[in-house]
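*Asks:* Below: one structure in structure tokens.
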Amino acid sequence: MIFNKPRIVRVLDLIEESSTVRTLVFKDDLCSKAKPGQFMMVWIPGVDEIPMSISMMRDDLAGLTVRKVGEASNALFNMKVNSIIGIRGPYGNSFTPIIGNVMIIGAGTGLAPLIPLSDILAKQKVAIDMIIGGKTIEEFVFVNRAKEVLSRTKSSMIITTEDGSHGIKGLATDAILPILKEKKIDMIYTCGPELMMKKVFEIAQEFNLPVQASLERVMKCGIGICGSCCIGGYRVCKDGPIFDSLMLKEVKDEFGLFRMDHSGKRVRLQ
Ligand SMILES: Cc1cc2nc3c(=O)[nH]c(=O)nc-3n(C[C@H](O)[C@H](O)[C@H](O)COP(=O)(O)OP(=O)(O)OC[C@H]3O[C@@H](n4cnc5c(N)ncnc54)[C@H](O)[C@@H]3O)c2cc1C
Ligand code: FES
């Protein structure tokens with residue numbers, strides 16, 4: 001398959017999203033035509049290869065948005081304009097846009113696949129209630145991009161922080177119930193910390209609402225061979241990363257509870 005062939009690309013632009021998050025923009029025909037929710041495998045020369053959501057698709061350009069947390073993400077964050085990275089993909093399934101009223105709940109770099117999704121939904125004039133959560137104001141990325149996209153359709157945006165430094169004090173999931181009590185929602189899309197997504201799923205179950213959630217697991221091959229990304233009977237790289245309500249129900253004994261670490265050992269999610 002053509003998208004499995006590693007391509008060497010040059011970083012053309014760097015967008016400072018926050019003190020710990022940057023978007024790297026590069027030219028790639030395949031990733032620039034990816035669907036929202038798909039990811040690519042990114043090779044950082046001499047360091048590692050890690051999965052990254054495709055956060056921007058525009059003309060022949062694509063982007064990834066990285067938060068520096070460990071060795072590979074720090075190396076990616078520190079890339080300069082003209083630095084070289086390797087990419088494979090796009091991989092995985094994608095969010096399925098619907099027509100109706102939708103709720104989008106994201107936190108941190110979880111917004112990366114949700115912004116291209118919002119863009120498509122806004123073009124179709126779908127009504128969007130967006131909730132963006134974070135621990136503190138410093139964690140926020142994409143708020144202006146989200147505002148711009150939402151301005152093109154009937155929409156609302158709620159911001160929550162755990163320390164009250166921005167928006168409403170509390171968790172993103174605290175903002176769900178008031179919306180659900182007030183209006184009819186047809187689909188919930190979510191990406192962010194797994195504990196947040198688990199709570200979103202539980203609330204959605206109570207209201208009999210369908211969910212599409214973007215899951216993360218350790219990925220080595222990205223193409224369904226190595227088994228490092230398994231959850232229940234699914235491989236997140238191949239069957240996901242977007243899990244619908246039916247799939248989430250099937251993996252409920254692991255979702256929000258356990259994952260495999262780099263050595264394949266089952267560890268509790270924090
Ligand atoms: C489908 C998919 C899409 C992804 N998309 C993105 C994306 O758009 N942007 C992005 O930055 N990352 C994304 N990731 C995560 C990314 O692949 C790496 O796992 C992450 O960058 C950490 O890699 P590392 O090697 O730097 O850190 P590691 O050495 O793996 O981890 C270092 C430490 O940071 C912790 N850590 C790992 N990930 C996070 C996190 N997200 N937040 C806080 N602490 C963490 C670990 O538990 C560990 O303690 C995605 C993962 C998947 C599976
Ligand atoms: S990363 Fe190898 S099977 Fe998913």
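*Asks:* For the pairs 147/249; 27/220; 33/68; 125/238, flag any whose C-alpha to C-alpha distance is greater than 28 Å. Each step should come with its number before you reach the end.
*Replies:* Numbers: 147/249 33 Å; 27/220 24 Å; 33/68 26 Å; 125/238 30 Å.
Cα-Cα > 28 Å for 147/249; 125/238; rest within.
*Asks:* Only Cα pairs under 8 Å and at least 6 apart count here; give the relative contact order of the range 94-238 as a rounded whole percent.
*Replies:* On the way: 256 pairs, mean separation 32.2, N = 145.
Normalised by residue count, the contact order of the range 94-238 is 22 percent.
*Asks:* Mind pulling the per residue volume of the convex hull built on the Cα atoms of the chain? Å³ is fine.
*Replies:* Values: hull volume 33.2 nm³, N = 270.
It comes to 123 Å³ per residue, whole-number rounded.
*Asks:* Could you grab the relative contact order for the range 73-177? Cα pairs under 8 Å, six or more apart, rounded to a whole percent.
*Replies:* Working: 153 pairs, mean separation 24.2, N = 105.
Here the relative contact order equals 23 percent.
*Asks:* Sticking with this one: Give me the net charge for the shell around residue 82: Cβ to Cβ below 14 angstrom, other residues only, Lys and Arg +1, Asp and Glu -1. Could you put the intermediate results ahead of the total?
*Replies:* On the way: positive: 10, 27, 80; negative: 13.
Net of charged neighbours comes to +2.
*Asks:* Another one. Show log10 I(q)/I(0) for the range 196-262 at q = 0.19 Å⁻¹, two decimals, from a solvent-free Debye sum over equal Cα scatterers.
*Replies:* -0.68
*Asks:* List the trypsin sites (Lys or Arg not before Pro) in the range 120-202 that DSSP assigns to loop (not H, G, I, E or B) and whose Cβ has at most 16 other Cβ atoms within 10 Å. Which are they? Provide the component values of the computation, followed by the final result.
*Replies:* Values: sites: 123, 125, 135, 145, 147, 152, 154, 169, 181, 183, 184, 198, 199; in loops: 125, 135, 152, 154, 183, 184.
Within the range 120-202, the qualifying trypsin sites (Lys or Arg not before Pro) (loop, at most 16 other Cβ atoms within 10 Å) are 125, 135, 152, 154, 183, 184.
*Asks:* Arranged from highest to lowest average of other beta-carbon atoms within 10 Å per residue, in what order do the peptides 5-13, 42-50 appear?
*Replies:* 42-50, 5-13
*Asks:* So with the 1.4 Å probe, I'd like the accessible area per residue for the range 65-191, rounded to whole Å². Before the final figure, lay out each step's value.
*Replies:* On the way: 5280 Å² over 127 residues.
Normalised by residue count, the accessible surface of the range 65-191 is 42 Å².
*Asks:* Rolling a 1.4 Å sphere over the protein heavy atoms, what is the accessible area per residue of the range 198-270, to the nearest Å²? Don't jump to the answer; show the numbers that get you there.
*Replies:* Working: 3870 Å² over 73 residues.
Averaged over the residues of the range 198-270, the accessible area is 53 Å².
*Asks:* If you average the sequence gap of Cα pairs under 8 Å that are 6 or more apart and divide by the length of the chain, what percent do you get for the contact order?
*Replies:* Numbers: 598 pairs, mean separation 42.0, N = 270.
Reported relative contact order: 16 percent.
*Asks:* To continue, here is another question. Mind pulling the angle between the C-alpha long axis of helix 111-123 and the longest principal axis of the chain? Nearest 10 degrees, somewhere in 0 to 90.
*Replies:* It is inclined by approximately 60 degrees.
*Asks:* In whole percent, how big is the carbon plus sulfur part of the accessible area of the range 132-270, probe 1.4 Å, protein atoms only?
*Replies:* On the way: 3830 of 7190 Å².
On the range 132-270, the fraction of accessible area on carbon and sulfur atoms equals 53 percent.
The values are calculated or read from the model by the stated rules, or taken from the named source; none is laboratory data. Everything numeric here is computed off the predicted structure, so don't read it as measured data. Backbone-built Cβ (ideal geometry, glycine too); neighbour counts: all protein chains shown. Quick note on the areas: whole protein, heavy atoms, side chains included, nothing else; ligands and nucleic acids left out. Shrake-Rupley method; radii C 1.70, N 1.55, O 1.52, S 1.80 Å.
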